[in-house]
Every structure is written in structure tokens, then in C-alpha cells.
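What follows is a single structure, written as C-alpha cells, with notes after it.
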Amino acid sequence: QSRTHPLSLALSPLSLIYGGLEAARRKLTQPQHPGKPVVCVGNLTAGGAGKTPTVRWLAERLAAQGCAPAILSRGHGGSEKGPLKLDPTHHRGAQVGDEPLMLAADWPVYIGADRMRSLRLAVQDGADVLIKDDGFQNPKLAHHFNLIVVDGDSGLGNERLLPSGPLRQPLSVALKKLDALLVMGQARHNSLAFLMDAVEAFGKPVFYGHVRATTQGSGAVHGFCGIARPEKFRTSLEAQGYRIDGFTDFADHHNFSEADARQLLALGKPLITTEKDMARLKGAPADSACATLAATAEILPIALYVEHEAALLRLINEAIADGQANRLYTPY
């Protein structure tokens with residue numbers, strides 16, 4: 001909604017309260033020093049921005065350098081409180097969250113609201129660099145590097161604080177903390193011109209990333225997903241050569257019911273979904289409709305491509321080295 005939308009204006013008083021509480025939390029919290037390198041992949045707004053493919057990309061690049069990365073996640077949407085290490089053969093999305101479960105197929109992932117406790121557990125298991133999935137605004141744990149992801153189509157929305165807008169923290173505060181901005185796709189949203197100018201005015205670099213499907217497809221398919229921006233999945237299917245013969249979208253992080261699965265299977269069409277949605281389906285009882293749907297549906301795999309990635313990795317490596325040598329951490 002625009003800044004002058006009636007609902008946004010009506011919620012403005014609540015945004016003032018939210019802003020006051022957020023500021024008090026920053027002032028009263030003393031960040032813990034992790035002792036091991038921590039790279040935070042965060043965003044400025046509520047909603048999907050592309051953090052998960054960025055986390056996976058970063059884990060791959062750090063491992064290629066000889067590091068032993070582990071991912072720290074809150075486990076949003078899951079019932080488990082942690083701290084615990086995810087076991088993709090045992091845990092389900094409803095327990096630990098769909099995005100952490102998806103990442104755990106390839107990387108050690110630890111969930112828990114207290115990231116410091118998760119970090120200690122990961123270090124005990126041999127991790128030597130930690131990737132913090134989200135939590136840029138949380139002041140409890142100090143970071144060596146803050147890589148902030150923003151969606152090129154949605155930008156900063158109406159640039160208001162929650163709940164009258166999508167911002168999770170005043171931009172003036174975030175700009176002082178971020179170390180690099182990663183714009184996903186083309187910077188189409190009107191708010192991004194100001195943001196990118198402000199980031200560069202603070203002497204911070206701007207990079208561009210592109211999430212692309214890694215396989216070509218053909219034929220008619222019925223797509224289904226429960227993600228923040230389902231239109232992006234639909235566009236990706238079309239770009240990869242699929243013909244859309246129906247599309248069903250659910251709420252973000254939707255936990256598929258047996259009725260949902262039976263309804264999709266009853267269509268009698270080739271089905272395709274996202275990796276994140278498949279993570280929520282896998283692990284269902286063998287005789288359930290959800291298990292049948294998981295075995296039947298195809299996945300559209302994706303990967304992140306970062307322009308000038310060597311320059312971004314050099315910045316991250318330099319920040320890690322400086323932080324470890326001099327005990328320098330991003331202040332809050």
C-alpha cells in the first residue's frame with residue numbers, strides 16, 4: 001500500500017510504538033561476541049526478499065574456500081524451540097520450518113531463538129564460520145558482516161515501519177550497520193533509487209543477484225506453491241519453457257493438509273512446485289495423500305547468480321579476517 005493509503009495511515013500510531021520498542025531494545029541489549037566469524041544474511045522488510053538462496057550461495061562459496069560453514073536459523077514456523085541440529089531424515093517442516101529444512105539437505109543447519117546457543121552447538125560440531133539466516137535487526141549477537149538482500153520488484157514498499165509499512169527498522173539505523181546491499185533482479189521499485197544512493201553515500205557497495213531455475217522444462221503443468229510471492233514462481237515456470245495449465249497458490253509457509261493434497265492430485269495433471277514447498281511435504285506418513293503428492297510432484301530447482309561475486313566474497317573474507325584479528329564486530 002502507498003504511504004497515504006487509509007489503512008497505512010490508520011496503523012501509523014502503532015508504527016510509532018513499534019519504533020520506540022525497537023529503539024529501546026537496541027539501546028538496552030549488549031550484543032554477545034561470538035568468538036567465531038558470523039555473516040548475517042538479512043533484509044530490511046518483512047516478507048520474502050531472497051535470503052534463502054543467498055544463504056545457500058554463501059555456504060557453497062565458503063565451503064569452496066575450505067571453510068566449514070553452518071547455518072543458524074530461528075526456525076520460523078516450526079514447533080521445535082531448539083537449539084538443535086536439523087536432521088532432514090527425521091524432522092518435518094512443521095517442526096523446524098520449511099526453509100531451514102530445505103537448506104539442511106546440503107548443509108548443517110541449527111535452529112533456535114537464541115542464536116548464541118545454536119552457534120555454540122555448531123562450533124562443537126566443527127563449524128568454523130556461521131551464516132546467520134535473518135536476524136539483522138536482532139542486537140543480541142554481534143556480526144562480522146551484514147549482507148542485506150532487497151527484492152528489486154518490491155523494494156522498501158511504502159517505506160513506513162511495521163505495521164503501517166514493511167520496514168523492520170528505521171532506514172537510518174540499518175544503513176549504519178549494513179556492509180553490502182544485494183539487489184535481487186532489476187531495481188524496478190521506486191524506493192530503490194533512494195536506497196541505493198543512500199547506501200553508496202555511506203560508502204557501502206551495491207551488488208546484483210539473479211535467482212534462476214537450473215533446469216529447462218516443457219509441456220503443460222499445474223503449478224502450486226505457498227510462498228511470499230507466488231507470481232515469481234509462475235514467471236519462472238514460463239521462462240523455463242513450461243505451459244501453465246492451472247496454478248494454485250497458498251499462503252506463505254502454508255502447511256499442506258490431506259485435503260489440499262487430495263485436491264491437487266485429483267486434478268490429474270503434471271504437478272510442479274518449489275523446493276521450499278517440497279520441504280514441507282516430505283516426511284509425511286507413507287500412506288498419506290501428502291506423501292503421494294511429494295512423490296508425484298516435480299520440483300523447479302533454483303540457484304543464485306551474483307554479479308561480481310569475487311568482489312563481494314573478498315569483502316566478506318576481509319571483514320572476517322579483521323574481526324577475528326582485532327575483535328571488531330558490527331556495533332548495534
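Only the coordinates and a few stated rules stand behind these numbers; no lab work does. Remember, it's a predicted structure, so these values are computed and weren't measured experimentally. All Cβ positions, even for glycine, are placed from backbone atoms using ideal geometry, and neighbour counts span all protein chains on display.
DSSP bridge analysis restricted to the chain gives an antiparallel fraction near 20%, rounded to the nearest 5. Computed over the alpha-carbon pairs of segment 215-300, the distance histogram in 5 Å steps reads 3, 16, 30, 26, 17, 7, 1 percent, short to long. Exposure proxy ranking for 153, 197, based on other Cβ atoms within 10 angstrom of each Cβ and starting from the fewest, stands as 197, 153. Listing 290, 40 from fewest to most neighbouring C-beta atoms within 10 Å gives 290, 40.
Annotation for segment 156-211 versus segment 93-146: alpha-carbon center distance of 23 Å.
Segment residue 81..residue 106, full-extension length gain: 6.8 nm, with 0.36 nm per residue of separation and the alpha-carbon distance subtracted. Rounded to whole Å, give me the distance from the Cα center of segment 29-71 to that of segment 76-92. A separation of 18 Å, based on Cα centres.
Projected over all directions and averaged, the alpha-carbon convex hull of segment 1-61 occupies 6.3 nm². With the helix formula -39500 (n - 2.57) applied to DSSP H stretches of n ≥ 4, the chain reaches a computed 222 nm mean residue ellipticity of -11000 deg cm²/dmol. When 2, 8 are sorted by how many other C-beta atoms sit within 10 angstrom of their C-beta, beginning with the fewest, the order is 2, 8.
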